[in-house]
Amino acid sequence: MDTDDDAIVDFFNNWIHNLVIKYGTDSIWIDTMRNIRKDFWLAFVVAANVFSIGEVLDGDMNYVSPYTRVMDSVLDYPTYYPLYRAFNTTSGNLSELADTVKAVQSSYRLGEFMTTSFLKNQDNPRFQSTQTDQAMRDTSSSDSKDLTRTLRAAREECDNLALHPGWHPDTVLWSRAGVHRGQRSVQPRGPLAIWIRGGQAACHARPPSSQYLNTSLKFRFVSQNTLVISKPPMLTLLTNGGSVSTPSWSIPDVGYVGGSELIDVLSCDTMKAD
């Protein structure tokens, strides 16, 4: 397909424009977009006139970054790999993850605000297939960046699905983990589903503020095994020590007024700021 031919370019622009109108979709996902010249996508995205996500399967930030100039969002592969390494073992390095996020914030067109984060998609083994510690599974799913997040089908329920002969990540998952054929909506019941719902509820419960949406998160403390992440009014404490660890964090002044009540969004425990 000669995507340098104006007639072919016009055909695809008209096609995506009409497709979006016909089905009323609010976004488009473009797979393997790196296989077509970058400037082709500029008019294509304009013609679609909805939010666009492009897949550029490469861990090199310098390679992926130019695609953020022609697409609303890209799958954040440059951060995926250090995220996976950070939580796949207790010897993972959270410092590498923090350094990558900071580099991406300054490299991508919109920083991390419109980047699409993931820990599993159709081209990668499910994280649960290599990490059995539930605490590590939960922590790796925390909102620790300024971005759009994707959750692959049934990630919140299926624990041990990997890439191997006879299994494809897009295999229909009906009848697994309480998901039944014919149901229009499913309320996942697994521990990771509960964790994810708690985190999302906290984001919805925070006081509405454009400042929250437009302020980049900051790493207030970083070590190999712990992170302190601030995105006011939210504060996130992460560790890759797993369920048997007893972590501690060195928390600097992050702007809370002394005596302010803080709520743990998962346990609902309260504490006071110094």
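Each reported figure results from applying straightforward, stated rules to the coordinates on display, with no laboratory input. This one's a predicted model, so the numbers in the text were calculated from it and none came from an experiment. Counting neighbours? That spans all protein chains shown, and the Cβs are built from the backbone with ideal geometry, glycine included.
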Once the piece of chain linking Asp60 and Lys102 is laid out straight, how much longer is it, given 0.36 nm per residue of separation minus the C-alpha distance between them?
13.7 nm
So, R0 is 51 Å and r is the distance between the beta-carbons of Ser248 and Lys38; what FRET efficiency does that work out to, to 0.05?
0.65
Likely footprinting exposure, Met271, Met61, Met71, fewest C-beta neighbours within 10 Å first
Met271, Met61, Met71
Excluding same-chain residues fewer than 8 positions from Lys272, which lysines have a Cα within less than 28 Å of its Cα?
Lys145, Lys218, Lys231
Extension gain, Ser267 back to Thr215 (0.36 nm per residue minus Cα-Cα distance, nm)
16.1 nm
At a 10 Å Cβ-Cβ cut-off, how would you order Val104, Val20, fewest neighbours first?
Val20, Val104
Take the Cβ-Cβ distance between Val9 and Phe51 as r, set R0 to 30 Å, and report the resulting FRET efficiency rounded to the nearest 0.05.
0.90
Along the Cα→Cβ direction, 7 angstrom out, place labels at Val257 and Thr132. What is the inter-label distance in nm?
5.0 nm
Fully extended contour minus Cα-Cα distance, from Thr89 to Ser27, at 0.36 nm per residue
18.8 nm
